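Read the structure below first, then the notes.
Values quoted throughout were computed directly from the atomic coordinates according to the rules given, and no laboratory measurement underlies them. Keep in mind that this is a model prediction, so the values were computed, not measured. Virtual Cβ from ideal backbone geometry, glycine too; neighbours counted across all protein chains shown.
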Amino acid sequence: MEGIYAKFVSQKISKTRWRPVPSGSLQTAETFATGSWDNEENRVLLWSVGDLGNLGSDGGFEGDHQLLCGTRHYGDVMDLQERIVAASSTGCVTVFLHHSNNQTLSVSQQWTTAHYHTGPGSPSCSSAPCTGVVCNSPEIVTVGEDGRINLFRVDHKEAVRTIDNADSSTLHAVTFLRTPEILTVNSIGQLKIWDFRQQGNEPSQILSLTGDRVPLHCVDRHPNQQHVVATGGQDGMLSIWDVRQGTMPVSLLKAHEAEMWEVHFHPSNPDHLFTCSEDGSLWHWDASTDVPEKSSLFHQGGRNSTFLSHSISNQANVHQSLISSWLSTETARDRIEITSLLPNRTLSVNSLDVLGPCLVCGTDSEAIYVTRQLFS
């Protein structure tokens, strides 16, 4: 696409997140945070978009993103939220405070042993990676390789609630469904709903992939229709779920050639969805109703090729105008347009974030890509 700009940062980037703009504001996103992994010294950095500049040697544009400030991070950054909350491979969860007057980051809260292994075969309290974090101020929920779920509050030194054996497998990601409810995905293809109003340690609902239990790596819910959920898995498939109905996905869409690392509905234009993958691709999925009738097409550099998908929807009796475009059998089969957003395939695209017309992504090729013209 036109207007996507690369900046090489000499670190493998594991996570990228836009800092939020004031609610109702017309201003464009200006700053974003990044976290790194698999480096001698990992860092959490804050950037300003700056001027978007010249054509680079690889055919992409070279961005002049300005580094505002940063701090060392112990362990790989496994997840990052825009407030700025970082999850570590050491099991630690850290809340950073940005001081804009002197452009520094400081630690405002930290839970050093949020996730850890216990029991036979593991040393007492050996650390377990914190794999996912989600924020709904002042609450922070974390999940980990230890199968544990923690509910923290920024102003509390201890966890408000912990579900120690929430899952016997690795929890890979978490998001809020509604304020007291969260969704988790795990390494055996399950999506579970947890209600913090309930005192027990059991999920209120379990949904799962059929057949092979393919690990699910990422999850996001529709910003307006909270029953609509998207997940991405180790096989690169995009799954769309309606948590009100059944225990299986509504649609399975053939997507990337390797692991899908992140999936995000656009927060204000949710007929648009974005995914990134280990195969080096970054895709924009358009299911808006104004897309003309067509076979599903994959667009890259002006060339179209057939895109295969199949639907297992059971929505036939629901009035078309009342359901999300993502739950429509017609949409799943015939009306999704997919665009590749990067000029060339790269190493793994580990993370992406979208806000208004802006997108940022981070890669193992030690580059950050930014565009402020998503819908132009």
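Hey, got the Cα dimensions of segment 65-170 along the principal axes, in Å, largest first?
Each principal axis gives a Cα extent; for segment 65-170 these are 49, 24, 21 Å.
How long is the gain from residue 206 to residue 10 if the chain were fully straight, where each residue apart is worth 0.36 nm and the alpha carbon distance is subtracted?
66.4 nm
Please give the peptides 38-48, 257-267, 192-202, 357-367 ranked by average Cβ packing (other Cβ atoms within 10 Å per residue), highest first, as a rough proxy for protection.
Highest to lowest by the protection proxy: 357-367, 257-267, 38-48, 192-202.
Translational diffusion coefficient, Stokes-Einstein: compute it for segment 198-266 using the Kirkwood radius over C-alpha pairs as Rh, at 10 °C and 1.306 mPa s, and state it as an integer in µm² s⁻¹.
The calculation lands on 125 µm²/s.
Over all alpha-carbon pairs of segment 135-185, lay out the pair-distance distribution in 10 Å bins, whole %, shortest bin first.
26, 57, 17, 0
Step through the table entries 12/157; 192/254; 15/254; 157/192, compare each Cα-Cα distance with 29 Å, and write down the pairs that go over it.
Result: 12/157 exceed 29 Å.
On a full-extension model of 0.36 nm per residue, what is the gain between residue 67 and residue 244, subtracting their alpha-carbon distance, rounded to one decimal in nm?
59.3 nm
Taking a label point 7 Å from the Cα of residue 340 along the Cα→Cβ vector, which residues of segment 212-255 have an amide N closer than 16 Å to it?
Within reach of a label on residue 340: 255.
Determine the shape class of segment 5-54: with a ≥ b ≥ c the square roots of the Cα gyration tensor eigenvalues, call it rounded for a/c under 1.5, and otherwise prolate if a/b is greater than b/c, oblate otherwise.
oblate
Beyond 19 Å, how much of the Cα-Cα pair distribution for segment 134-221 remains, as a whole percent?
Cα-Cα pairs of segment 134-221 separated by over 19 Å account for 33 percent.
Ranked from highest to lowest mean number of other Cβ atoms within 10 Å per residue, what is the order of the peptides 212-218, 66-72, 135-141?
Listed from highest to lowest mean packing, they are 212-218, 135-141, 66-72.
Rounded to whole Å, give me the distance from the Cα center of segment 237-260 to that of segment 1-23.
Cα centroid of segment 237-260 versus Cα centroid of segment 1-23: 27 Å apart.
How compact and how long is segment 152-282, expressed as Rg and Dmax of its alpha-carbon atoms in Å?
Cα only, segment 152-282: 14.9, 44 Å (Rg, Dmax).
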